[in-house]
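Engineer: One structure coming up, written as structure tokens, with questions to follow.
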Amino acid sequence: MNALLKKAKSSPRALNREELTSLLLCTEPEELFRAAYEVKLRTIGKRVSLRGLIEMGNLCSKDCLYCGIRKSNCNTARFQLDEDSVIRMAKWAYDARYGSIAIQSGEIESEAHTALIERILLRIRDFSGGKLGVTLSLGEQTEEVYRRWREAGAHRYLLRIEESNPHLYAKLHPAGHDYARRSACLDLLRKLDYQVGSGVMIGLPGQTETDLANNILFFAEKDLDMIGMGPWLPHPETPMGKDFADTLDFRQKQLDLGLRMIAVTRLYLHNVNIAATTALQTLAPDGRERGLLAGANVIMPNVTDTQYRANYQLYTGKPSLDENSDETRQKLQASIRAIGEEIIWDQRGDSPRYFQRKEQL
């Protein structure tokens, strides 16, 4: 254990698949977390970047078997924010000194939707003078759509692969969902000079620690700039969650595995951005803070109007559905300060790996 941690801390990508798996299975997770935090301090510092999350809509063309907003779920009230509402929320985040926002929605491919996002991006660039960072998480699109959004002002894009094992990926998605296309979209985003992010669900039925190690190797293969991953949590109105027994033991296991994945990913990739996701907070009130202490450096507080949040639940039990953005900001500032970390206000919080790679070209 000590030899593996020393090797991992010495340089990025120093471990093989078996060694990554060994760390994920280690019996001394606190040592693992301390080692990952040491790497974070060296490469990122005691710095937490915020992304004000705008959940723009729950209309979706996909029918993923795990997702609460899948198109076949008839028990979710569908919504789509208009342009002015998104701009109002983005301005709130800018005035709150978040430095960056993330716009997320179900996956839609249409000219009307493409043009709507384009107009929003141009207006954000106009009112902030280009200072407000923008991450998009809007699913699979064509190269032309990605190019239009990049030219309009988006500079980061999160497209989660969900699981890099094609066979397990196929079990998560019905026919018509193409693993090869999703992976190719990550390459298109790199081509267009986005800061590229992806991630996986952790603790899926049938997923092994070797699968998780392979997911980390996939992150390295794609040379990702940012990682957004979290424990799988069942939704009762999905095929995967319908009859699943969501026990206390299950939730503790998912939390532990989520923290281990953050730590091992930090130890392997060193200077990427890693999010402490809301799923961790769903499993424990201090889950996101524990994620920061395990090596994460990004948190995405929700700035969507509370009236819409209950209808954007990819899994059940999502916290802070009735908590307004001001309350979230105050609580988050206090909880991050309590663990000795510092929020970097008024900064985009871009990925150090992105700039390192550009210097190496």
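Engineer: How much length would be gained if the chain were fully extended between residue 72 and residue 91, taking 0.36 nm per residue of separation minus their Cα-Cα distance, in nm to one decimal? Please list the in-between numbers first.
Structural biologist: Working: separation 19, 0.36 × 19 = 6.84 nm, distance 3.37 nm.
Additional length available on full extension: 3.5 nm.
Engineer: Every cysteine in the chain with no other Cys Cβ under 4.7 Å from its Cβ, please list them in numeric order.
Structural biologist: Unpaired cysteines in the chain: 26, 60, 74, 185.
Engineer: Give me the orientation-averaged projected area of the Cα convex hull of the chain, in nm², one decimal. It would help to have the intermediate numbers written out before the result.
Structural biologist: Details: hull surface 65.9 nm².
Over every viewing direction, the Cα hull of the chain projects on average to 16.5 nm².
Engineer: Let me ask something else. How high is the relative contact order of the range 5-91, in percent, with contacts defined as C-alpha pairs under 8 Å that are six or more residues apart? Walk me through the intermediate numbers first.
Structural biologist: Working: 44 pairs, mean separation 17.2, N = 87.
Averaging sequence separation for qualifying contacts and normalising by length gives 20 percent for the range 5-91.
Engineer: Now for a different question. Run the paramagnetic zone check for residue 122: 7 angstrom along Cα to Cβ, then residues of the range 129-167 with backbone nitrogen under 14 Å.
Structural biologist: 148-154
Engineer: With a Förster radius of 41 Å, plug the Cβ-Cβ distance of residue 167 and residue 337 into 1/(1 + (r/R0)^6) and report the FRET value to the nearest 0.05. Write out the running numbers ahead of the final one.
Structural biologist: Values: r = 45 Å, r/R0 = 1.09.
The formula returns an efficiency of 0.40 here.
Engineer: Place the peptides 290-296, 120-126, 130-136 in order of packing, highest mean first, counting for every residue the other Cβ atoms within 10 Å and averaging per peptide.
Structural biologist: Working: 290-296: 26.4, 120-126: 18.9, 130-136: 21.9.
So the order, starting with the most tightly packed, is 290-296, 130-136, 120-126.
Engineer: If I take every Cα pair under 8 Å that is 6 or more residues apart in the chain, average their sequence separation and divide by the length, what percent do I get for the relative contact order?
Structural biologist: Details: 667 pairs, mean separation 92.6, N = 361.
Dividing the mean separation by the residue count of the chain yields 26 percent.
Engineer: Now, a different point. Give the dimensionless ratio obtained when the Cα radius of gyration of the range 210-361 is divided by 2.2 N^0.38 Å. Mind dumping the intermediate values first?
Structural biologist: Details: Rg = 16.5 Å, N = 152, 2.2 N^0.38 = 14.8 Å.
Ratio of Rg to 2.2 N^0.38 Å for the range 210-361: 1.11.
Engineer: What full-extension length gain, to one decimal in nm, is calculated for residue 79 and residue 357 as 0.36 nm per residue of separation minus the Cα-Cα distance?
Structural biologist: Working: separation 278, 0.36 × 278 = 100.08 nm, distance 3.92 nm.
Result for the pair: 96.2 nm of gain on full extension.
Engineer: Please compute the contact order of the range 103-167 in relative form: average sequence separation of alpha-carbon pairs under 8 Å and at least six residues apart, divided by the residue count, as a percent.
Structural biologist: On the way: 61 pairs, mean separation 26.0, N = 65.
Once normalised by length, the contact order is 40 percent.
Engineer: If you don't mind, there's one more thing I want to ask. Near residue 100, within a Cβ-to-Cβ distance under 9 Å, what is the net charge of the other residues, with Lys and Arg +1 and Asp and Glu -1?
Structural biologist: Details: positive: 51, 156, 348; negative: 350.
Computed value for this residue: +2.
Engineer: Quick one: Debye curve from the alpha-carbon atoms of the range 90-230 only, equal weights, vacuum; give me log10 I(q)/I(0) at q = 0.16, 0.18, 0.20 Å⁻¹ to two decimals.
Structural biologist: -0.86, -1.03, -1.19
Engineer: For the pairs 222/358; 71/191; 191/222; 171/242; 131/358, flag any whose C-alpha to C-alpha distance is greater than 23 Å. It would help to have the intermediate numbers written out before the result.
Structural biologist: Numbers: 222/358 15 Å; 71/191 30 Å; 191/222 12 Å; 171/242 15 Å; 131/358 21 Å.
Pairs exceeding the cut-off: 71/191.
Engineer: Charges at C-beta only: +1 for Lys and Arg, -1 for Asp and Glu. How large is the resulting dipole of the chain about its Cα centre, in Debye rounded to 20? Show your work: numbers first, answer last.
Structural biologist: Working: 49 positive and 48 negative charges, 172 e Å.
Dipole about the Cα centre, nearest 20: 820 debye.
Engineer: Taking 0.36 nm per intervening residue step and subtracting the Cα-Cα distance, what contour gain separates residue 248 from residue 193 on full extension?
Structural biologist: Values: separation 55, 0.36 × 55 = 19.80 nm, distance 4.29 nm.
Contour length minus the Cα-Cα distance gives 15.5 nm.
Engineer: Which ³J(HN,Hα) values, rounded to whole Hz and listed in residue order, are derived for the range 72-89 from phi using the Karplus coefficients 6.51, -1.76 and 1.60 in 6.51 cos²θ - 1.76 cosθ + 1.60 with θ = phi - 60°, glycine and proline given as x?
Structural biologist: 7, 7, 8, 9, 10, 6, 7, 8, 9, 5, 7, 4, 5, 5, 5, 5, 4, 5
Engineer: Roughly how many whole Å is it from the C-alpha centroid of the range 26-46 to that of the range 121-166?
Structural biologist: Value for the Cα centre distance between the two parts: 30 Å.
Engineer: May I pose another question? Per residue, how large is the accessible surface of the chain? Use a 1.4 angstrom probe and give square angstrom.
Structural biologist: Details: 14610 Å² over 361 residues.
Roughly 40 Å² per residue, with all protein chains present.
Engineer: On to the next question. Averaged across orientations, what area in nm² does the convex hull of the alpha carbons in the range 112-160 project? Walk me through the intermediate numbers first.
Structural biologist: Numbers: hull surface 12.5 nm².
Taking the Cα atoms of the range 112-160, their convex hull projects to 3.1 nm² on average.
Engineer: Which is farthest toward the positive dipole end of the chain among 24, 50, 5, measuring Cα position about the Cα centre, with Cβ charges +1 (Lys, Arg) and -1 (Asp, Glu)?
Structural biologist: Final value for the positive-end residue is 5.
Engineer: Hey, how much of the P(r) for the range 16-129 falls beyond 18 Å, as a percent of Cα pairs?
Structural biologist: Working: 4304 of 6441 pairs.
Pairs farther apart than 18 Å: 67 percent.
The values are calculated or read from the model by the stated rules, or taken from the named source; none is laboratory data. Just so you know, these numbers come straight off a predicted model, no measurement behind them. For neighbour counting, all protein chains shown are included, and Cβ atoms are generated from backbone atoms with ideal geometry for every residue, glycine included. Surface accessibility is based on the protein's heavy atoms, side chains included, excluding ligands, DNA and RNA. Shrake-Rupley method; radii C 1.70, N 1.55, O 1.52, S 1.80 Å.
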